[in-house]
Amino acid sequence: MKQKTLSIVIVNYNTRLLILACLRTIMKQIGKDFEIIVVDNHSVDGSPQAIRNEFPEVVIIENDQNLGYAKAVNRGLEKSAGEFILILNSDIDLRPGALRESLEFMRKQADAGIMGCKLLNTDGTLQPSCESFPTLWNILCESFFLDKFFPSSRIFGGLHMTYFTYDRIAKVDRVMGAFLMVRRKAIDDIGLMDEQFFFYSEEVDWCYRAWQKGWPVYFFPGAEVIHYGGGSANPVSAGLFVERHKNRFLFYKKNHDIFSSLAVRVIAGAGIVLRLVLWSTITGYAYLRKGPNAATCARKVGAYWATTKWYVGL
């Protein structure tokens, strides 16, 4: 297989309009030695045919079921031939020069295994995208709102790096999976994504393994993309909220001893119970006042209740 400069791998699940818009922005920046691979997780919205109609040059891998994110990414990686691989969400809009600037950074920064760029909301405001690896301390700080009370503190805001200003190149523990540019040589060392992670935390695990193999993870502000967020996932879905916590705990258990893992489960579970109580109170008040956000509040309560049951093993 002839090597290319860049392979772009996009996992799609029922995001037809978003992925078509994403591909249009890519086509404005793509080079002759680039390739695009879309891995479709058994969409029912006509995504594959729509992509074929408008972008016949795109390679499409159609799964006969929803394999989850990590497994789908791996299918794309196995098909790719790029010196660099960009793992991209379907709900991304590339700003001008994003691909060029990212590739130039990876070429200049020879030790970079994985790179994430600056993510923006649709209104142009910053979308936080760098985090530290979960530890007993920073999960405790998140669980009991210490990161919210002291967001500028490195001590209390460690997990979500709430103190980070996103205005400089920096080595970070991990970057959000919406935009991950990875060096082929790094993948050869660290392997593919761990398919234990169905959805969420797969990029945390990948970044962790990259650091273990001596491939630093970088945040690079010189390239910018708009990330719409929630393209194929309802952020208030109880099932997805449980999945997020389950996979974060899986990551922690995979990389720490059993006693520390048990402590994390207790602390994180206590944090969820605290939120369940708070949001139940807020929801009750919203319904009494017939507020417009009452239904959303109720869905959050449902998500916290489902997650509480998972933490206690029900």
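The values are calculated or read from the model by the stated rules, or taken from the named source; none is laboratory data. If you're wondering where the values come from, they're calculated on a predicted model, not measured in any experiment. Using ideal geometry, Cβ is built from the backbone for each residue, glycine included, and neighbour counts are taken over all protein chains shown.
Among the residues that make up the range 7-16, is at least one of them surrounded by 22 or more Cβ atoms within 10 Å (Cβ to Cβ), farther than 23 Å from residue 102 by Cβ and not basic (Lys, Arg)? First the steps, then the outcome.
Filtering the range 7-16 down to residues surrounded by 22 or more Cβ atoms within 10 Å (Cβ to Cβ) leaves 7-13, 15.
Now narrow it down to the ones that are farther than 23 Å from residue 102 by Cβ: 13.
Imposing the further condition that a residue be not basic (Lys, Arg) reduces the set to 13.
Yes, the conditions are met somewhere in the range 7-16.
Among what's in the range 196-208 and is among the aromatic types (Phe, Trp, Tyr) and assigned to a helix (DSSP H, G or I), pick the residue that is nearest to residue 68 (Cα to Cα).
First pass over the range 196-208, keeping only residues among the aromatic types (Phe, Trp, Tyr): 197-200, 206, 208.
When the remaining residues are screened for being assigned to a helix (DSSP H, G or I), the result is 206, 208.
Working: 206: 16, 208: 20 Å.
The residue in question is 206.
Checking the condition surrounded by fewer than 16 Cβ atoms within 10 Å (Cβ to Cβ), modelled with pLDDT under 85 and over 25 Å from residue 70 (Cβ atoms), which residue from 314, 262 passes? I'd like the intermediate steps shown before the answer.
Details: 262 fails: modelled with pLDDT under 85.
Within the list 314, 262, the selection yields 314.
Considering the range 276-304 alone, what residues qualify as being aromatic (Phe, Trp, Tyr) and without any contact (Cβ under 8 Å) to a residue 12 or more places away in the chain? Lay out the reasoning, then the answer.
If we filter the range 276-304 for residues that are aromatic (Phe, Trp, Tyr), which is where we start, we get 279, 285, 287, 304.
Scanning the range 276-304 gives 285, 287.
Does residue 56 satisfy the condition of being surrounded by fewer than 21 Cβ atoms within 10 Å (Cβ to Cβ), outside any loop (DSSP other than H, G, I, E, B) and over 22 Å from the mean Cα position of the chain (by Cα)?
Values: surrounded by fewer than 21 Cβ atoms within 10 Å (Cβ to Cβ): yes; outside any loop (DSSP other than H, G, I, E, B): no; over 22 Å from the mean Cα position of the chain (by Cα): yes.
When the stated conditions are applied, residue 56 does not pass them.
If I filter the range 63-75 for residues that are touching a helix residue (DSSP H, G or I) at 6+ places or on another chain (Cβ under 6 Å) and β-branched (Val, Ile, Thr), do I get at least one hit?
No, that holds for no residue.
Return the pairs, sorted by first residue and then second, in which the second residue is of a type in the set (Val, Ile, Thr), the first residue lies in the range 175-195 and is in a loop (DSSP other than H, G, I, E, B), the beta carbons are less than 6 Å apart, and the residues are 6+ apart or on different chains.
193/73
Here are the criteria: (1) in a helix (DSSP H, G or I); (2) more than 28 Å from residue 121 (Cα to Cα); (3) not assigned by TED's automatic domain parsing to the domain that holds residue 170. Tell me which single one residue 290 does not satisfy.
Just one mismatch for residue 290, condition (1).
When the residues of the range 59-76 are filtered to those that are touching an Asp or Glu at 6+ places or on another chain (Cβ under 8 Å) and not in a helix (DSSP H, G or I), which remaining residue is nearest to residue 26 (Cα to Cα)?
This residue is 59.
Could you pull out every one of the helices (runs of 4 or more DSSP H) wholly within the range 77-164 that has 1 or more residues that are modelled with pLDDT of 95 or more and assigned by TED's automatic domain parsing to the domain that holds residue 194? Give the derivation first.
Numbers: elements: 98-108, 136-143, 146-149.
Here the list reads 98-108.
Checking the conditions here, which among 225, 217, 204 is modelled with pLDDT of 95 or more and under 12 Å from the mean Cα position of the chain (by Cα)? Break it down stepwise before answering.
Numbers: 225 fails: under 12 Å from the mean Cα position of the chain (by Cα); 217 fails: under 12 Å from the mean Cα position of the chain (by Cα).
Of 225, 217, 204, the one residue that is modelled with pLDDT of 95 or more and under 12 Å from the mean Cα position of the chain (by Cα) is 204.
Taking only pairs six or more apart or across chains, which ones have beta-carbon atoms under 9 Å, a first residue in the range 1-24 that is closer than 19 Å to residue 41 by Cβ, and a second residue that is of a type in the set (S, T, N, Q) and surrounded by fewer than 18 Cβ atoms within 10 Å (Cβ to Cβ)?
The qualifying pairs are 13/66.
Give me the pairs, please: first residue somewhere in the range 65-77 and among the aliphatic types (A, V, I, L, M), second residue anywhere and in a helix (DSSP H, G or I) and modelled with pLDDT of 95 or more, beta-carbon distance under 7 Å, and either six or more positions apart or on two chains.
What qualifies is 70/202; 77/187.
Do we have any residue at all in the range 193-212 that's within 24 Å of residue 7 (Cα to Cα), small (Gly, Ala, Ser) and surrounded by 17 or more Cβ atoms within 10 Å (Cβ to Cβ)?
Yes, that holds for at least one residue.
Which numbered condition in (1) over 30 Å from residue 184 (Cβ atoms); (2) part of a helix (DSSP H, G or I); (3) out of contact with any Phe, Trp or Tyr (no Cβ under 8 Å at 6 or more places or on another chain) is the only one that residue 211 fails?
For residue 211, the failing item is (1).
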